[in-house]
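See structure below.
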Amino acid sequence: MSDRVKHLARAVVREEIQALSAYHVPDPGNMIKLDAMETPYLWPQEMKSQWLDGLKNIAVNRYPDPSAALLTRRLEQVMAVPSGMRSILGNGSDELIQIICMALAKPGAVVMVPEPTFVMYDMIARFTNMRYQSVPLNSAFQLDMPAMLQAIEEYNPAVIFLAYPNNPTGNLFTEQDVRTIIEKSSGLVVVDEAYHAFAGHSFMPMLKEYNNMVVMRTVSKMGLAGLRLGILSGPAGWLNEFDKIRLPYNINVLTQYSAEFALQHSDILKQQTDQICQDRETMKQALAEIEEIKQYPSNANFILFKVLTRDSAQIFEALKQDKVLIKRFPDTSWPLAGCLRVTIGKPEENEVFLKALKKAFSVQKEPEQ
Ligand SMILES: *Cc1c(COP(=O)(O)O)cnc(C)c1O
């Protein structure tokens, strides 16, 4: 980029955007990819060929159904959205977070989250010029209720995002704490259930109990990350407003067709996520035998653990050498310093990971200088 262009752009681009660095996604090359909470499974051959048959008839020359009505109904069914609630779809739940923030971004309006949590809340708050207030989780990664309630009183947040289970910690907050936060807030509380398929508990059935709660879900963690599709459900009073900001045609024809098709086979998707839940328990047991780490409770398709005896960077690099990619948190990201996060893969991939992890710890430490 020439200096001249840089100069021109700097003069008009918002300063808080200039201060950001672009979201970085590492290139996995030919490594086993256990870094991004994807499902490792594709579809059975028979299902794949049925899907391809239907794909032939998609009219890519036409705009899609602007509100994706059929797919919305199908998703509401599969996700058990209570009757009387309204839903809108997003190009991933990331887009739904963006829609919520755009709608609520009055000057000075606050986005509140517990921390650490999903990074997109922070990023999108910045994109939309909202004030971002985070409240540290306690040492068990549960909501620090006195601090949360005090912050709610002090900042009167327009919106609170609660990832349930939380990413990157993996745990569920207690139901009573979440209920108390909804009850004490006059703004909106978004319960982000991206990991609902692995969680065993949901706020979806409680939608009718509250006027200020919406539930967000995605198909990304249940085997369809490439389609980019999320759903936001709740009282029509909120959803009607959000729908005004949603760009028409935000769900493209290929996604509408493919997601409808996949959800007709939701039994297959469920088999896959059930398998992952089972393999998560196997992984927990295996990790429990490694003395050099401390793992945290997980109700998601990943496990966060802390490296106790080494520099986590050293372990992360050793795993990479053995062609396993997981996620490392920077040393500056207290309380996640020293933490690594592994996504549950296929049983054989988990085996390779565990073997590589044990090997990384068995290598002699460099003697202290
Ligand atoms: C992965 C994740 C999402 C992102 O979902 P997309 O539908 O892929 O955009 C949302 N929230 C949380 C907490 C996540 O971990």
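The set of residues in region 289-322 being of a type in the set (D, E) and surrounded by fewer than 15 Cβ atoms within 10 Å (Cβ to Cβ) consists of E289, E291, D311, E317. For N61, are the conditions met, namely being open to solvent by 70 Å² or more (accessible area, probe 1.4 Å), in a loop (DSSP other than H, G, I, E, B) and either within 16 Å of L269 (Cα to Cα) or without any contact (Cβ under 8 Å) to a residue 40 or more places away in the chain (or both)? Yes, satisfied. Quick check on this structure: which one of N171, N167, N156 is over 18 Å from L96 (Cα atoms), touching a residue at least 40 places away in the same chain (Cβ under 8 Å) and within 14 Å of the ligand (Cβ to nearest atom)? Of N171, N167, N156, the one residue that is over 18 Å from L96 (Cα atoms), touching a residue at least 40 places away in the same chain (Cβ under 8 Å) and within 14 Å of the ligand (Cβ to nearest atom) is N171. Within region 277-284, identify whether any single residue is within 26 Å of R62 (Cα to Cα) and within 16 Å of the ligand (Cβ to nearest atom), and answer yes or no. No: zero hits. Restrict the check to region 330-342 and report whether at least one residue is within 19 Å of I32 (Cα to Cα) and either open to solvent by 50 Å² or more (accessible area, probe 1.4 Å) or among the polar types (S, T, N, Q) (or both). No: zero hits. Looking across region 64-95, the residues that are open to solvent by 60 Å² or more (accessible area, probe 1.4 Å), more than 23 Å from the chain's Cα centre (by Cα) and under 14 Å from T255 (Cβ atoms) come down to D65, P66, S67, L70. Taking residues in region 213-239 that are among the β-branched types (V, I, T), and partners anywhere that are within 12 Å of the ligand (Cβ to nearest atom) and in a strand (DSSP E or B), the pairs with Cβ atoms closer than 6 Å and at least 6 places apart or on different chains are V214/V190; V214/L232; V215/V191; T218/G230; I231/L89; I231/R217. Restricting attention to region 191-221, the residues that are closer than 20 Å to I251 by Cβ and within 10 Å of the ligand (Cβ to nearest atom) add up to 9.
The values are calculated or read from the model by the stated rules, or taken from the named source; none is laboratory data. Note that the coordinates shown come from a computational prediction; the quantities given were computed from them, not determined experimentally. Every residue, glycine as well, gets a Cβ built from its backbone with ideal geometry; the counts of neighbours run over all protein chains shown. Ligands, DNA and RNA are stripped out before the accessible areas are found, and what is left, the full protein with its side chains, is counted by its heavy atoms. Shrake-Rupley method; radii C 1.70, N 1.55, O 1.52, S 1.80 Å.
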